[in-house]
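What follows is a set of notes on a single structure, which appears directly below.
The values are calculated or read from the model by the stated rules, or taken from the named source; none is laboratory data. Every value quoted in this text rests on a predicted model; they were computed, and no experiment measured them. Because the Cβ atoms are built from the backbone with ideal geometry, glycine has one as well, and the counts that use them run over all protein chains shown. Side chains are part of the model used for accessible areas, which takes the heavy atoms of the whole protein and leaves out ligands, DNA and RNA. Shrake-Rupley method; radii C 1.70, N 1.55, O 1.52, S 1.80 Å.
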Amino acid sequence: MLAPSRKRPLPLLLFVVLIVVFFYYRDDADRIYLQWASAIEALPEKAPANATLGFGAIVVVSKSESDRRHSLLQAANVTNIDLTIPQQPEWTEGDVQKFRNKQENDVQRGSILAWMGHHHALRWFLDSDLETALILEDDVDWDVRLRSVQVPLAASAARSLLPPARSSSPWAHTNGNNTQYWGNPASWDLLYLGHCGDYFNEVTEKGLVSQNRPWNLSDIPHAVYDDPSLPLKTDLHPFTETLFDTLGVDDHQRVLHRSKFPLCSFGYAVTRPAAERLLADLAPPSLRPKGARAFDVALLHACNKGAQTPSPPGPKNPKPHPNPRLRHKYASAGLRCWTVNSELFHHMPGASQIAAIGDAMGEKHGIPPVDLAGQNQVALRNETTNIGCGFWGGAFSFHDGDTARLRYLQEEVGRKGRCLKTGRDLPE
(Lines give C-alpha, C1' and ligand atoms only; values in the text may rest on other atoms or scores of the structure.)
Protein backbone atom coordinates (compact mmCIF):
# COMPACT_ATOMS: atom_id res chain seq x y z
CA MET A 1 0.00 0.00 0.00
CA LEU A 2 1.35 3.34 -0.99
CA ALA A 3 1.87 5.97 1.67
CA PRO A 4 -0.39 9.02 1.35
CA SER A 5 1.28 11.85 -0.56
CA ARG A 6 2.20 15.00 1.28
CA LYS A 7 2.04 18.46 -0.20
CA ARG A 8 5.46 19.92 -0.36
CA PRO A 9 5.74 23.24 1.47
CA LEU A 10 7.92 24.75 -1.29
CA PRO A 11 5.55 27.61 -2.27
CA LEU A 12 5.07 28.58 1.36
CA LEU A 13 8.81 28.38 2.00
CA LEU A 14 9.55 30.51 -1.06
CA PHE A 15 7.04 33.11 0.10
CA VAL A 16 8.66 33.28 3.55
CA VAL A 17 12.12 33.67 1.99
CA LEU A 18 10.91 36.51 -0.23
CA ILE A 19 9.41 38.32 2.73
CA VAL A 20 12.66 37.98 4.69
CA VAL A 21 14.72 39.20 1.74
CA PHE A 22 12.38 42.14 1.20
CA PHE A 23 12.65 43.42 4.76
CA TYR A 24 16.38 42.69 4.96
CA TYR A 25 17.23 44.57 1.78
CA ARG A 26 14.54 47.24 1.89
CA ASP A 27 16.98 49.96 2.98
CA ASP A 28 19.44 48.82 0.34
CA ALA A 29 16.70 49.14 -2.26
CA ASP A 30 16.16 52.76 -1.25
CA ARG A 31 19.89 53.39 -1.39
CA ILE A 32 20.21 51.74 -4.80
CA TYR A 33 17.30 53.79 -6.14
CA LEU A 34 18.85 57.04 -4.91
CA GLN A 35 22.19 56.12 -6.46
CA TRP A 36 20.46 55.28 -9.74
CA ALA A 37 18.50 58.54 -9.67
CA SER A 38 21.66 60.54 -8.96
CA ALA A 39 23.48 58.85 -11.83
CA ILE A 40 20.58 59.57 -14.20
CA GLU A 41 20.54 63.27 -13.27
CA ALA A 42 24.31 63.48 -13.86
CA LEU A 43 23.84 62.57 -17.52
CA PRO A 44 24.06 65.49 -20.00
CA GLU A 45 20.62 64.75 -21.44
CA LYS A 46 17.87 66.20 -19.25
CA ALA A 47 14.19 65.35 -19.11
CA PRO A 48 12.37 67.95 -21.25
CA ALA A 49 10.00 70.47 -19.74
CA ASN A 50 6.33 70.56 -20.66
CA ALA A 51 4.27 73.67 -21.40
CA THR A 52 3.75 74.37 -17.68
CA LEU A 53 7.46 73.92 -16.95
CA GLY A 54 6.90 70.77 -14.91
CA PHE A 55 4.30 72.25 -12.55
CA GLY A 56 0.59 71.60 -12.48
CA ALA A 57 -0.08 75.10 -13.79
CA ILE A 58 1.57 78.48 -14.23
CA VAL A 59 -0.76 80.98 -12.56
CA VAL A 60 -0.35 84.70 -13.26
CA VAL A 61 -1.23 87.48 -10.82
CA SER A 62 -2.65 90.15 -13.11
CA LYS A 63 -5.43 92.71 -13.01
CA SER A 64 -7.83 92.62 -15.96
CA GLU A 65 -6.81 96.12 -17.02
CA SER A 66 -3.06 95.50 -16.68
CA ASP A 67 -1.10 96.99 -19.57
CA ARG A 68 1.64 94.40 -18.99
CA ARG A 69 -0.45 91.36 -19.88
CA HIS A 70 -0.13 91.66 -23.67
CA SER A 71 3.68 91.47 -23.72
CA LEU A 72 3.59 88.62 -21.19
CA LEU A 73 1.26 86.59 -23.38
CA GLN A 74 3.42 87.24 -26.44
CA ALA A 75 6.53 85.97 -24.61
CA ALA A 76 4.58 82.87 -23.53
CA ASN A 77 3.44 82.24 -27.11
CA VAL A 78 6.98 82.49 -28.49
CA THR A 79 8.36 80.06 -25.89
CA ASN A 80 5.30 77.76 -25.99
CA ILE A 81 4.39 78.17 -22.33
CA ASP A 82 0.81 77.81 -21.06
CA LEU A 83 -0.36 80.49 -18.64
CA THR A 84 -3.50 80.60 -16.53
CA ILE A 85 -4.72 84.07 -15.54
CA PRO A 86 -7.59 83.91 -13.04
CA GLN A 87 -9.97 86.85 -13.25
CA GLN A 88 -9.42 89.02 -10.18
CA PRO A 89 -12.38 90.64 -8.44
CA GLU A 90 -12.76 94.39 -8.51
CA TRP A 91 -11.31 95.14 -5.09
CA THR A 92 -13.28 97.78 -3.18
CA GLU A 93 -12.15 100.26 -0.56
CA GLY A 94 -13.92 98.05 1.96
CA ASP A 95 -11.77 95.10 0.88
CA VAL A 96 -8.63 97.18 1.35
CA GLN A 97 -9.65 98.42 4.79
CA LYS A 98 -10.63 94.91 5.91
CA PHE A 99 -7.22 93.69 4.87
CA ARG A 100 -5.55 96.66 6.58
CA ASN A 101 -7.20 95.47 9.81
CA LYS A 102 -6.93 98.85 11.53
CA GLN A 103 -3.13 98.81 11.18
CA GLU A 104 -1.14 101.96 10.51
CA ASN A 105 -1.88 103.81 7.30
CA ASP A 106 1.74 103.88 6.11
CA VAL A 107 1.25 100.46 4.53
CA GLN A 108 1.13 101.13 0.80
CA ARG A 109 -2.21 100.61 -0.90
CA GLY A 110 -0.47 99.00 -3.86
CA SER A 111 1.18 96.46 -1.57
CA ILE A 112 -2.18 95.49 -0.13
CA LEU A 113 -3.72 95.07 -3.59
CA ALA A 114 -0.73 92.97 -4.70
CA TRP A 115 -1.08 90.80 -1.58
CA MET A 116 -4.77 90.22 -2.31
CA GLY A 117 -3.88 89.36 -5.90
CA HIS A 118 -1.45 86.66 -4.76
CA HIS A 119 -4.11 85.29 -2.40
CA HIS A 120 -6.57 85.07 -5.27
CA ALA A 121 -4.03 83.07 -7.33
CA LEU A 122 -3.33 80.73 -4.41
CA ARG A 123 -7.04 80.15 -3.87
CA TRP A 124 -7.45 79.31 -7.55
CA PHE A 125 -4.67 76.75 -7.17
CA LEU A 126 -6.27 75.15 -4.10
CA ASP A 127 -9.64 74.99 -5.87
CA SER A 128 -7.98 72.86 -8.55
CA ASP A 129 -6.82 69.27 -8.10
CA LEU A 130 -3.21 70.13 -8.94
CA GLU A 131 -0.25 69.24 -6.71
CA THR A 132 2.00 72.20 -7.56
CA ALA A 133 1.73 75.62 -9.17
CA LEU A 134 4.17 78.28 -10.32
CA ILE A 135 2.93 81.77 -9.41
CA LEU A 136 4.14 84.62 -11.63
CA GLU A 137 3.57 88.36 -11.52
CA ASP A 138 2.71 89.86 -14.89
CA ASP A 139 5.80 92.06 -15.23
CA VAL A 140 8.35 89.23 -15.36
CA ASP A 141 10.84 88.69 -18.14
CA TRP A 142 12.61 85.44 -19.02
CA ASP A 143 15.22 84.12 -21.41
CA VAL A 144 14.21 82.69 -24.78
CA ARG A 145 15.83 79.41 -23.65
CA LEU A 146 13.73 79.13 -20.49
CA ARG A 147 11.79 76.01 -21.51
CA SER A 148 14.39 74.43 -23.78
CA VAL A 149 17.52 74.79 -21.60
CA GLN A 150 17.10 76.53 -18.25
CA VAL A 151 14.16 74.69 -16.70
CA PRO A 152 15.40 71.17 -17.60
CA LEU A 153 18.76 71.97 -15.97
CA ALA A 154 17.25 73.54 -12.84
CA ALA A 155 14.68 70.76 -12.41
CA SER A 156 17.41 68.12 -12.76
CA ALA A 157 19.32 69.82 -9.94
CA ALA A 158 16.13 69.81 -7.84
CA ARG A 159 15.57 66.10 -8.45
CA SER A 160 19.16 65.35 -7.45
CA LEU A 161 18.53 66.99 -4.06
CA LEU A 162 14.83 66.13 -3.65
CA PRO A 163 14.49 62.75 -5.40
CA PRO A 164 11.06 61.83 -6.74
CA ALA A 165 9.30 58.78 -5.37
CA ARG A 166 10.42 55.62 -7.16
CA SER A 167 7.30 55.39 -9.29
CA SER A 168 7.40 59.09 -10.17
CA SER A 169 10.77 59.51 -11.85
CA PRO A 170 10.36 61.79 -14.90
CA TRP A 171 12.35 59.23 -16.88
CA ALA A 172 9.50 56.77 -16.30
CA HIS A 173 6.97 59.17 -17.84
CA THR A 174 6.90 60.10 -21.50
CA ASN A 175 3.52 61.84 -21.61
CA GLY A 176 4.80 65.16 -20.22
CA ASN A 177 2.45 65.05 -17.23
CA ASN A 178 4.90 63.95 -14.54
CA THR A 179 3.97 65.54 -11.21
CA GLN A 180 7.42 65.20 -9.65
CA TYR A 181 9.48 66.90 -12.33
CA TRP A 182 10.88 69.21 -9.62
CA GLY A 183 11.40 66.41 -7.12
CA ASN A 184 9.04 64.96 -4.57
CA PRO A 185 6.59 67.73 -3.52
CA ALA A 186 6.47 66.13 -0.07
CA SER A 187 10.11 67.20 0.32
CA TRP A 188 9.75 70.93 -0.37
CA ASP A 189 7.24 73.73 0.13
CA LEU A 190 8.36 76.70 -1.97
CA LEU A 191 10.81 77.12 -4.87
CA TYR A 192 12.08 80.58 -5.76
CA LEU A 193 12.59 80.52 -9.53
CA GLY A 194 12.06 84.27 -9.84
CA HIS A 195 13.34 86.81 -7.35
CA CYS A 196 15.28 90.06 -7.14
CA GLY A 197 18.12 88.37 -5.29
CA ASP A 198 18.91 85.86 -2.59
CA TYR A 199 22.13 87.45 -1.42
CA PHE A 200 22.44 85.45 1.83
CA ASN A 201 21.92 88.65 3.81
CA GLU A 202 19.84 91.79 4.08
CA VAL A 203 19.79 94.57 1.49
CA THR A 204 19.21 98.11 2.77
CA GLU A 205 19.10 101.56 1.19
CA LYS A 206 22.89 101.60 1.57
CA GLY A 207 23.28 98.36 -0.37
CA LEU A 208 24.16 94.78 0.43
CA VAL A 209 24.88 94.29 4.13
CA SER A 210 28.13 92.44 4.77
CA GLN A 211 28.49 89.84 7.50
CA ASN A 212 31.22 88.92 9.92
CA ARG A 213 32.25 85.67 8.26
CA PRO A 214 32.35 84.82 4.53
CA TRP A 215 29.37 83.12 2.95
CA ASN A 216 29.93 79.42 2.40
CA LEU A 217 27.85 77.02 0.33
CA SER A 218 29.05 74.06 2.38
CA ASP A 219 26.91 75.34 5.25
CA ILE A 220 23.66 74.56 3.41
CA PRO A 221 22.25 71.87 1.08
CA HIS A 222 22.97 72.90 -2.50
CA ALA A 223 23.78 71.82 -6.04
CA VAL A 224 25.99 73.78 -8.44
CA TYR A 225 25.27 73.13 -12.11
CA ASP A 226 26.38 74.48 -15.48
CA ASP A 227 23.97 76.60 -17.50
CA PRO A 228 25.38 77.99 -20.76
CA SER A 229 22.46 80.41 -21.07
CA LEU A 230 23.48 82.40 -17.98
CA PRO A 231 25.46 85.59 -18.75
CA LEU A 232 29.05 85.99 -17.60
CA LYS A 233 29.38 87.01 -13.97
CA THR A 234 30.52 90.47 -15.05
CA ASP A 235 27.16 90.84 -16.84
CA LEU A 236 25.12 89.80 -13.81
CA HIS A 237 23.73 92.19 -11.21
CA PRO A 238 26.63 93.60 -9.13
CA PHE A 239 25.25 91.98 -5.98
CA THR A 240 24.95 88.60 -7.76
CA GLU A 241 28.50 88.91 -9.07
CA THR A 242 29.79 89.67 -5.58
CA LEU A 243 27.89 86.72 -4.10
CA PHE A 244 29.10 84.29 -6.77
CA ASP A 245 32.70 85.42 -6.40
CA THR A 246 32.48 84.87 -2.65
CA LEU A 247 30.90 81.43 -3.08
CA GLY A 248 33.39 80.36 -5.75
CA VAL A 249 30.72 79.95 -8.43
CA ASP A 250 32.17 80.08 -11.95
CA ASP A 251 30.89 81.76 -15.10
CA HIS A 252 27.78 80.10 -16.58
CA GLN A 253 26.95 78.30 -13.34
CA ARG A 254 23.85 78.46 -11.19
CA VAL A 255 23.22 77.19 -7.68
CA LEU A 256 20.12 75.57 -6.25
CA HIS A 257 20.27 76.02 -2.47
CA ARG A 258 18.12 76.30 0.63
CA SER A 259 16.86 79.85 0.69
CA LYS A 260 18.78 82.29 2.84
CA PHE A 261 17.37 85.80 2.27
CA PRO A 262 15.14 85.71 -0.83
CA LEU A 263 13.68 89.02 -1.99
CA CYS A 264 10.53 89.70 -4.07
CA SER A 265 7.69 87.38 -5.07
CA PHE A 266 7.38 87.51 -8.83
CA GLY A 267 8.20 83.86 -9.53
CA TYR A 268 7.69 81.15 -6.88
CA ALA A 269 6.33 77.61 -6.96
CA VAL A 270 4.27 76.13 -4.14
CA THR A 271 2.78 72.81 -3.10
CA ARG A 272 -0.78 72.48 -1.82
CA PRO A 273 0.23 72.37 1.88
CA ALA A 274 2.37 75.48 1.38
CA ALA A 275 -0.49 77.37 -0.27
CA GLU A 276 -2.80 76.39 2.60
CA ARG A 277 -0.29 77.65 5.15
CA LEU A 278 0.21 80.96 3.35
CA LEU A 279 -3.51 81.65 3.29
CA ALA A 280 -4.19 80.43 6.81
CA ASP A 281 -1.38 81.71 9.02
CA LEU A 282 1.93 82.53 7.32
CA ALA A 283 0.62 85.31 5.04
CA PRO A 284 -3.03 85.66 6.13
CA PRO A 285 -5.59 87.99 4.48
CA SER A 286 -5.20 90.77 7.04
CA LEU A 287 -2.32 92.74 8.47
CA ARG A 288 -1.22 91.84 11.97
CA PRO A 289 0.53 93.92 14.61
CA LYS A 290 4.31 93.61 14.11
CA GLY A 291 3.66 91.39 11.08
CA ALA A 292 4.91 91.70 7.52
CA ARG A 293 3.79 94.74 5.55
CA ALA A 294 4.19 93.21 2.09
CA PHE A 295 3.49 89.76 0.67
CA ASP A 296 7.10 89.10 -0.36
CA VAL A 297 8.23 89.91 3.17
CA ALA A 298 5.68 87.44 4.53
CA LEU A 299 7.20 84.79 2.23
CA LEU A 300 10.67 85.65 3.52
CA HIS A 301 9.51 85.30 7.13
CA ALA A 302 7.85 81.95 6.33
CA CYS A 303 11.10 80.68 4.79
CA ASN A 304 13.10 81.84 7.79
CA LYS A 305 10.75 79.94 10.12
CA GLY A 306 11.27 76.77 8.11
CA ALA A 307 15.02 77.09 7.55
CA GLN A 308 15.92 74.46 10.16
CA THR A 309 13.42 71.86 8.97
CA PRO A 310 15.14 69.16 6.86
CA SER A 311 14.29 69.11 3.16
CA PRO A 312 13.82 66.33 2.16
CA PRO A 313 12.56 65.00 5.50
CA GLY A 314 15.12 63.21 7.64
CA PRO A 315 14.83 60.76 10.53
CA LYS A 316 14.83 63.68 12.97
CA ASN A 317 13.13 67.03 12.64
CA PRO A 318 14.55 69.65 15.02
CA LYS A 319 11.92 72.23 14.00
CA PRO A 320 8.57 70.49 13.40
CA HIS A 321 5.20 72.19 13.20
CA PRO A 322 4.33 73.48 16.71
CA ASN A 323 0.94 71.74 16.69
CA PRO A 324 1.44 67.93 17.05
CA ARG A 325 -1.99 67.35 15.48
CA LEU A 326 -0.85 68.99 12.24
CA ARG A 327 2.61 67.47 11.90
CA HIS A 328 1.33 64.69 9.65
CA LYS A 329 0.31 67.39 7.16
CA TYR A 330 2.78 70.23 7.69
CA ALA A 331 6.45 69.45 8.27
CA SER A 332 7.56 72.81 9.57
CA ALA A 333 6.66 75.87 11.59
CA GLY A 334 7.37 77.75 8.37
CA LEU A 335 8.14 76.72 4.80
CA ARG A 336 11.01 74.65 3.43
CA CYS A 337 12.24 77.00 0.72
CA TRP A 338 14.79 76.60 -2.06
CA THR A 339 16.28 79.22 -4.37
CA VAL A 340 17.55 78.96 -7.94
CA ASN A 341 20.42 81.44 -7.99
CA SER A 342 20.74 83.31 -10.32
CA GLU A 343 17.01 83.56 -10.97
CA LEU A 344 15.15 82.36 -14.07
CA PHE A 345 12.56 85.18 -13.90
CA HIS A 346 13.19 88.84 -13.14
CA HIS A 347 10.85 91.81 -13.31
CA MET A 348 11.19 94.01 -16.35
CA PRO A 349 12.80 97.43 -15.88
CA GLY A 350 10.39 100.27 -15.19
CA ALA A 351 8.09 101.54 -12.48
CA SER A 352 6.07 98.92 -10.60
CA GLN A 353 2.28 98.99 -10.38
CA ILE A 354 2.63 99.29 -6.61
CA ALA A 355 4.54 102.54 -7.13
CA ALA A 356 2.05 103.74 -9.76
CA ILE A 357 -0.88 103.14 -7.40
CA GLY A 358 1.03 104.88 -4.62
CA ASP A 359 1.79 107.89 -6.80
CA ALA A 360 -1.92 108.27 -7.57
CA MET A 361 -2.60 108.21 -3.81
CA GLY A 362 0.10 110.76 -3.05
CA GLU A 363 2.43 108.19 -1.48
CA LYS A 364 6.17 108.66 -1.79
CA HIS A 365 8.19 105.90 -3.44
CA GLY A 366 11.88 105.55 -4.05
CA ILE A 367 13.73 103.11 -6.26
CA PRO A 368 14.34 99.81 -4.42
CA PRO A 369 18.04 99.40 -3.56
CA VAL A 370 18.52 96.27 -5.69
CA ASP A 371 17.05 98.02 -8.75
CA LEU A 372 19.07 101.13 -8.04
CA ALA A 373 22.33 99.16 -7.92
CA GLY A 374 21.55 97.48 -11.25
CA GLN A 375 20.33 100.49 -13.23
CA ASN A 376 23.55 101.24 -15.09
CA GLN A 377 24.06 97.64 -16.10
CA VAL A 378 20.50 97.33 -17.43
CA ALA A 379 21.06 100.41 -19.58
CA LEU A 380 24.44 99.12 -20.80
CA ARG A 381 23.25 95.60 -21.67
CA ASN A 382 19.74 96.61 -22.78
CA GLU A 383 18.47 93.48 -21.06
CA THR A 384 16.51 92.73 -17.92
CA THR A 385 18.72 92.07 -14.89
CA ASN A 386 20.35 88.61 -14.96
CA ILE A 387 18.51 87.62 -18.16
CA GLY A 388 20.69 86.64 -21.12
CA CYS A 389 18.26 87.21 -23.99
CA GLY A 390 14.86 88.34 -22.84
CA PHE A 391 11.67 89.88 -24.18
CA TRP A 392 12.00 93.36 -22.68
CA GLY A 393 12.37 95.91 -25.47
CA GLY A 394 10.02 94.17 -27.87
CA ALA A 395 12.54 92.47 -30.19
CA PHE A 396 10.32 89.38 -30.37
CA SER A 397 6.94 91.07 -30.53
CA PHE A 398 4.43 90.44 -33.31
CA HIS A 399 1.17 91.93 -34.45
CA ASP A 400 -1.97 90.18 -33.31
CA GLY A 401 -3.04 87.85 -36.10
CA ASP A 402 0.42 87.66 -37.67
CA THR A 403 0.65 83.89 -37.41
CA ALA A 404 3.52 83.65 -39.88
CA ARG A 405 5.82 85.76 -37.71
CA LEU A 406 4.66 83.94 -34.58
CA ARG A 407 5.49 80.55 -36.10
CA TYR A 408 8.90 81.86 -37.18
CA LEU A 409 9.64 83.18 -33.68
CA GLN A 410 8.44 79.95 -32.07
CA GLU A 411 10.79 77.90 -34.22
CA GLU A 412 13.89 80.10 -34.35
CA VAL A 413 13.71 81.82 -30.95
CA GLY A 414 11.60 79.55 -28.76
CA ARG A 415 12.81 76.12 -29.93
CA LYS A 416 16.28 76.83 -31.32
CA GLY A 417 17.09 79.52 -28.74
CA ARG A 418 18.44 82.05 -31.23
CA CYS A 419 18.74 85.58 -29.85
CA LEU A 420 17.63 87.46 -32.95
CA LYS A 421 18.79 90.86 -31.79
CA THR A 422 21.40 93.01 -33.53
CA GLY A 423 24.80 91.44 -32.94
CA ARG A 424 23.32 88.84 -30.61
CA ASP A 425 22.44 85.82 -32.78
CA LEU A 426 23.38 82.92 -30.53
CA PRO A 427 24.53 79.63 -32.06
CA GLU A 428 21.86 77.00 -32.54
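For this structure, a couple of remarks:
- Residues with amide H under 5 Å from that of Val61, placed H, sequence gap 5 or more: Leu136, Glu137, Asp138
- Net charge of Cβ neighbours under 10 Å - reference Leu72; Lys, Arg +1; Asp, Glu -1: -2
- A 1.4 Å probe over all protein chains sorts Asp127, Asp250 by accessible area into Asp127, Asp250, starting with the largest.
- Using alpha carbons only, the radius of gyration of the range 69-161 set against its Kirkwood radius gives Rg/Rh = 1.06.
- The range 111-162: radius of gyration over Cα atoms, expressed as a fraction of 2.2 N^0.38 Å: 1.46
- Taking the average, over residues, of other Cβ atoms within 10 Å as the packing measure, peptides 183-191, 389-397 rank 183-191, 389-397 from highest down.
- Reachable lysines from Lys290, criterion Cα separation under 25 angstrom, eight or more residues apart if same chain: Lys98, Lys102, Lys206, Lys260, Lys305, Lys319, Lys364
- Approximate shape of the range 260-415 as ellipsoid semi-axes (Cα gyration tensor, √5λ), whole Å, largest first: 36, 22, 16
- Sulfur and carbon atoms: percent of accessible area, the range 67-224 [1.4 Å]: 47 percent
- Residues of type lysines that Lys421 reaches as a straight line, Cα spacing below 29 Å, ignoring anything fewer than 8 places off in the same chain: Lys46, Lys233
- Kirkwood Rh, angstrom, the range 129-259 [1 / mean 1/r, Cα pairs]: 16.6 Å
- Compactness of the range 222-305 - radius of gyration and Dmax, Cα, Å: 16.1, 46
- The listed peptides 288-301, 336-349, 368-381, ordered by packing as a protection proxy, come out as 336-349, 288-301, 368-381 (highest mean of other Cβ atoms within 10 Å first).
- Per residue solvent-accessible surface (Å²) - the range 222-329, probe of 1.4 Å: 46 Å²
- Fraction of the pair-distance distribution of the range 304-346 above 11 Å, Cα-Cα pairs, percent: 66 percent
- For the range 79-142, the set of trypsin sites (Lys or Arg not before Pro) satisfying both a DSSP loop assignment and a count of at most 16 other C-beta atoms within 10 Å is given as Lys102.
- Förster radius 56 Å - calculated FRET efficiency between Asp400 and Ile220, Cβ distance, rounded to 0.05: 0.75
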